[in-house]
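Derivation of every value follows stated rules applied to the coordinates shown; laboratory data play no part. Values in this document were obtained by computation on a predicted structure and should not be read as measured data. With ideal geometry, Cβ positions are generated from the backbone for all residues, glycine too; neighbour counts draw on all protein chains shown.
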Amino acid sequence: MPGISMDDAEDAARLIACGMRPRQRPVKDRAYRDLVVRYRTESDFRALAERTARGLGLKILGATEDIGIALAALPNSVFETKIEDYVRVARQRGEGERLLHGIIHLAVAALAFPRPDDLANDSYTGRVSAEAVDRAVRDTCDRLSEKAAATEAGGDTPADAPELEKVWSTYARRPEAALTKDGRLAMNSTKGMITRALNFLTDQGFLAVAGAGEDGWYRTTPRYQLQVREMASTSAFDELLALGVVPISSRGTLRPVPPQSADRAVDSEAPGTADEGLFHV
């Protein structure tokens, strides 16, 4: 790239460093804002930043003067947070726990952006809560249970079945809420696991608290929308939407939504399924 200097390379690295701090915003940091403007207006600098990010094992999903630069970890990157690592931090073990946490994160994304138009609309803001996610996943479990009964499988799904069919009975058997000896919500209950997921996404700058209380609402951020666009091509995400996952209506109730067959208006390269890396720092 002609005309690129060592100072430019340092600025590109500084821009990526800013993007790795989810709570840092260009509106409160003039130097960050200037770097974002350069990324958006100078093609050579944008190419340099993207090559630098790729060399670090990162992908630039987008950049705006509002949210700054949004990054995702490439497969096998040192920055990648895989589901097994996430489960290990949650002090839970086993294949079943890994799948449960994966399906919860998929459900949060599907409820936040239930239609392709929502995901493609930069001004759209989704809302989720622990209660809504649990009800949606249990509704999905009911649908999968009926499907298993219809195929006379008796709940035992074949080894080559889609991921959601393998996990439905595990989630359905898990209690919605349980208390520890000191009266706290047990983290191995479905509500506890969902609460952990929502808190994790909030810490990463993907969600923002929009309501108080145990079952308070969270609203999505533009950073999360970019991340979900990356996830939207995964087979597990498609399976979940094809079951008619129920988003929240304007009156705060749940209503079924038929499967969408329209092409998603996003350009995604994200690999993976429910048991690969679903979210990234």
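Of note:
- Cα-only Debye scattering, region 1-65: base-10 log of I(q)/I(0) at q = 0.12 Å⁻¹: -0.26
- Surrounding net charge for Thr202, when Lys and Arg each add one and Asp and Glu each subtract one, Cβ distance under 12 Å: +3
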